[in-house]
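Student: Take this structure, written in structure tokens, and hold onto it; I'll ask about it next.
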Amino acid sequence: MHRFILLNWQPFTAMLKIAFHSLYAHPLPAGHRFPMEKYELIPAQLLHEDIITQDNLFAPHPADEATILLTHDADYWQRMKNLQLTEKEIRAIGFPLSAKLVEREIRICQGTIDCAMYALQYGAALNVAGGTHHAFANKGEGFCLLNDFAVAANYLLQQKMVRKILIVDLDVHQGNGTAALFAGRDDVFTFSMHGQHNYPFHKEKSHLDIGLQDGTTGSEYLAILNDTLPRLIDTVRPDVVFYLCGVDVLATDKFGKLKLTMDECAERDLVVYTLCKKHGIPVAAAMGGGYSPKVKHIVNAHCNTFRIAKDVYGL
């Protein structure tokens, strides 16, 4: 597998680089169903366990407008930036619109771009937030305003850092925005394995969709993944993988409808990272969703993704 050399990207001692900014934990109205506190708790837990140090963390700056417009429509972006989205558009997104929320989104996008570039150098990097796969070119929905994987993928391709990208979306919800954004493209292959009878109820067409039935067990899930992903790697032959590792596949999740245990969710991450390392493919990961009633289950499952990436890649 060809490893691209990034010009003007300053080298330093290889380590697992993790995008995190204090704005990731954006304040929401009391009783909001999105567990925003997880974005503070994940790095805090990793630091507490000595899995990482402060040197692993970096704070992404806001993505610039030209980069955003490689993916998103100018009218949508301008109305978002100027806080002029309609009430209907804001309801579909699910977060109250504010300047700080917009800044959060563009920092997340830059964090995923930076993680992709770190991954190209060191094998893997992770964004504590991101995986905003329900955002389309001209609209947001499902807690997603901008599509960070699409923004990062289009940036890497425009800069000629890579030639082929594979998006592996294992969130329980289909990456409908991502599918629509890359429909008909052959430089980005979208793979979504999700609950067939879960949100979004109108599915877009990814390059490969696997819709799982309610109640799918961890053993069934892992068998499908172990059968599918190696064949995809061999067929697509990507220069980089973007991995959306939502933990809403857990049996404890309020909305997931699947039956994976904590260990089986971790095994899923191990399958992805081990296979990509075997083939010399860098991986940029973003956390995606998770809605277990106990936030400790969400945080522990996400932290497993970081633990496994560090172990597999030796960073």
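Student: What is the chain's relative contact order, in percent, from Cα pairs under 8 angstrom and six or more apart in sequence?
Tutor: Relative CO of the chain lands at 20 percent.
Student: To the nearest 0.05, what FRET efficiency results for His202 and Asp73 with a Förster distance of 25 Å applied to their C-beta separation?
Tutor: Rounded to the nearest 0.05, the efficiency is 0.80.
Student: Then there is this: Need one number: nm distance between label points at Ala66 and Asp186, each 7 Å from Cα along Cα→Cβ, rounded to one decimal.
Tutor: With each label placed 7 Å out from Cα toward Cβ, I get 2.9 nm.
Student: Further question on the same structure: When only Cα pairs under 8 Å and 6 or more residues apart are kept, what is the percent relative contact order across the stretch 143-273?
Tutor: In percent, rounded to a whole number, it is 27.
Student: Please sort 182-188, 267-273 by packing, taking for each peptide the average over its residues of neighbouring beta carbons within 10 angstrom, highest first.
Tutor: 267-273, 182-188
Student: Give me His48, His26, His173 ranked fewest to most by other Cβ atoms within 10 Å of their Cβ, as a rough exposure proxy.
Tutor: By the 10 Å Cβ count, ascending: His48, His26, His173.
Student: Further, regarding this structure: What is the spin-label model distance, in nm, from Lys100 to Thr274 if the labels are put 7 Å beyond Cα along the C-beta direction?
Tutor: 4.3
Student: What ranking, highest mean first, results for peptides 148-158, 130-140, 230-240 when packing means the other Cβ atoms within 10 Å averaged over each residue?
Tutor: Going by the mean number of other Cβ atoms within 10 Å, highest first, we get 148-158, 130-140, 230-240.
Student: Residue separation times 0.36 nm, minus the C-alpha to C-alpha distance between Gln54 and Ser219: what's the value?
Tutor: 55.8 nm
Student: So, R0 is 41 Å and r is the distance between the beta-carbons of Ala14 and Lys88; what FRET efficiency does that work out to, to 0.05?
Tutor: 0.30
Student: 5 Å is the cut-off here: which amide hydrogens, built 1.01 Å from N in the peptide plane, fall below it relative to Leu212, excluding neighbours closer than 5 in sequence?
Tutor: Here His194, Gly195, Gln196 satisfy the definition.
Student: Let me check against my output: what whole-number percent is the relative contact order of the stretch 87-175, with C-alpha pairs under 8 Å and at least 6 apart?
Tutor: 28
Student: Sorting check: for 294-300, 278-284, which peptide has the highest mean count of neighbouring beta carbons within 10 Å, and how do the rest follow?
Tutor: Result, highest mean Cβ count within 10 Å first: 278-284, 294-300.
Student: Output the DSSP H helices from the chain with an along-axis C-alpha extent of no less than 27 Å and a mean Kyte-Doolittle hydropathy no less than -0.5.
Tutor: The answer, listed by residue number, is 99-122, 295-313.
Student: Picking from Thr305, Thr216, Thr71, which is most flexible by a Gaussian network model of the chain using Cα springs under 10 Å?
Tutor: Per the Cα network of the chain with a 10 Å cutoff, Thr216 tops the list.
Student: Starting with the fewest neighbours, write out Cys303, Cys276, Cys245 ranked by other beta-carbon atoms found within 10 Å of each beta-carbon.
Tutor: Least to most surrounded, the residues fall as Cys303, Cys276, Cys245.
Any read-out appearing in this document is the output of simple, stated calculations on the displayed coordinates, not a laboratory observation. Keep in mind the model is a prediction, meaning the values are calculated, not measured. Counting neighbours? That spans all protein chains shown, and the Cβs are built from the backbone with ideal geometry, glycine included.
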